[in-house]
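First up is the structure itself, then whatever we jot down about it.
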Amino acid sequence: MRAVAFSPDGKAVLTGSFDKTARLWDAATGEPIGKVMQHQGGVFAVAFSPDGKAVLTGSSDKTARFWDAVTGKPIGKVMQHQGGVFAVAFSPDGKAVLTGSHDQTARFWDAATGEPMGKVMQHRGLVFAVAFSPDGKAVLTGSFDKTARLWDAATSEPIGKVMWHQDAVRAVAFSPDGKAVLTGGWYTPTRLWDAATGELIGQVMQHQGGVSAVAFSPDGKAVLTGSFDKTARLWDAATGEPIGKAMWHQDQVRAVAFSRDGRAVLTGSTDNTARLWDAATDEPIGNVMKHQGVVTAVAFSPDGKAVITGSYDRTARFWKAATGVPIGKVMRHEGTVSAVAFSPDGKAVLTGSWDKTARLWDAATGEPIGMVMWHQDAVRAVAFSPGGKAVLTGSSGKTARLWDVTWLKEDINPKLALLQVATGRRITGSGDIENIPPDDFLKLFERYRKNAQKIQR
């Protein structure tokens, strides 16, 4: 899977794949919608129109195409480049589209007919990223020629200075007010520019090694970065100036997070530790949180009283945010724990692992909840929906999956409870099957009975 996008109303998902297809999916059920949208090459870019009635796809077959978002049928003319199409975008009013191509150009097209509009916008390397300004009057392009450029959407003429980088520009975006643009790439620092002039705003946030993790503070005034140079740093989001001291580990910093109130930060490192820091002073808080392997994922609970860490040592662990002292049981997988997340109410956590599973756990006890969620390959990303009724998991096996967890709002998972009541057995946190002790069985049966009565009412 190469590209994904949600419909404006959030009810559908659009995916583009190396298998030469784009597909629409029901966001609530994960079921396919309409026909498969077929290209002759991999689909590298996808977008919905602002009204959600049409979709746009870009492919290595050197074309971009419009499709009906309800039926998946093609609309209008094929938009032809001389190289693969790697970036696509609709204008805010939906009347025009912008494409970026391996042929080193970006082009405007009429969204109603697929006919080209205006002049070609020329780079000296493939155009990998495109964006419209919020008012639709300007566009931004990023290229492998190490530049980003602003263009007038009415004339296709360049605006302001060329924005030079040290390497290929792979990502571009306008700020919500359209006054600034953000550019970045794999091997080039993220930079902020004035959208009217192309002048650099503030300083580049520079580490001495690659930046592996980033986060905004809750109020948006600060940025937190983690780097291969063994440090995490806070920066002023308006100026790019560093704030306070560097927060040092003994090895690379791979994961970072802010507490919800912004007063503390959490870092995870290849030195097998996670650390809590005071965001005002950059001083460490409490104990060092030690794993037996690289710490790959970190998160604060919604109330900020606990944190969770995931590690190469195949475990996830809870810790007190005030002291760094471990809480509850160790949560065990059969492979690296690569992703962690708290439910919105903080009562459950979700972990994703290289053992091809995602699992839910009780945040109070560390006990597993519900059934194991299986993929065909390592689970690399996990998230709860804002209401906590669904979870989303992403795998290196080219799939993402939605899972219904509405039962978390109940006292227990009714299906799992029925199975346990019927068999008198349960799966332990380490994956073993054991007989349920008599006292625990009576408690489980009573909880199941009360839940069944609620469902009947």
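The values are calculated or read from the model by the stated rules, or taken from the named source; none is laboratory data. Since the model is a prediction, treat every value here as computed from it, not as a measurement. Positions of Cβ are backbone-derived with ideal geometry, glycine not excepted, and every protein chain shown enters the neighbour counts.
Within the range 68-86, being at pLDDT below 95 and not hydroxyl-bearing (Ser, Thr, Tyr) holds for ASP68, ALA69, VAL70, GLY72, LYS73, PRO74, ILE75, GLY76, LYS77. Filtering LEU56, LEU24 for residues that are farther than 25 Å from PRO386 by Cβ, under 22 Å from the mean Cα position of the chain (by Cα) and touching a residue at least 12 places away in the same chain (Cβ under 8 Å) leaves a single hit, LEU56. In the range 364-382, the qualifying residues are those that are more than 28 Å from ARG425 (Cβ to Cβ) and surrounded by 15 or more Cβ atoms within 10 Å (Cβ to Cβ), and the one that is nearest to the chain's Cα centre (by Cα) is ALA381. Right, ASP194: at pLDDT 85 or above and of a type in the set (Asp, Glu) or not? Considered against the rule, which asks whether it is at pLDDT 85 or above and of a type in the set (Asp, Glu), ASP194 comes out as yes. Only one entry of ALA306, ALA274, ALA322, ALA316 meets the criterion of being aliphatic (A, V, I, L, M), buried (at least 21 other Cβ atoms within 10 Å of the Cβ), modelled with pLDDT under 95 and under 22 Å from GLY346 (Cβ atoms), and that entry is ALA306. Can you tell me which residue within the range 93-115, out of those that are out of contact with any strand residue (DSSP E or B) (no Cβ under 6 Å at 6 or more places or on another chain) and not small (Gly, Ala, Ser), is farthest from GLY76 (Cα to Cα)? Checking each candidate, the answer is GLN104. Among the residues of the range 1-32 satisfying the criterion of being hydroxyl-bearing (Ser, Thr, Tyr) and more than 17 Å from LYS53 (Cβ to Cβ), which is surrounded by the fewest Cβ atoms within 10 Å (Cβ to Cβ)? Taking the candidates together, the pick is THR29. Please specify each residue of the range 147-189 satisfying the condition of being under 16 Å from ALA106 (Cβ atoms), in a loop (DSSP other than H, G, I, E, B) and modelled with pLDDT of 85 or more. Within the range 147-189, ALA153, ALA154, THR155, SER156, GLU157, ALA168, VAL169 qualify. Of the residues making up the range 375-390, those that are touching a strand residue (DSSP E or B) at 6+ places or on another chain (Cβ under 6 Å) and farther than 16 Å from ALA299 by Cα are HIS375, ASP377, VAL379, ALA390. Restricting to the range 190-205, count the residues that are among the acidic types (Asp, Glu) and part of a loop (DSSP other than H, G, I, E, B). Total satisfying the criteria: 1.
Taking the criterion of being assigned to a loop (DSSP other than H, G, I, E, B), modelled with pLDDT of 80 or more and touching a strand residue (DSSP E or B) at 6+ places or on another chain (Cβ under 9 Å), the residues of the range 206-223 that qualify are GLN206, HIS207, GLN208, GLY209, SER217, PRO218, LYS221. Scan the range 115-134 for residues that are assigned to a loop (DSSP other than H, G, I, E, B) and surrounded by 19 or more Cβ atoms within 10 Å (Cβ to Cβ) and the total you get is 3.
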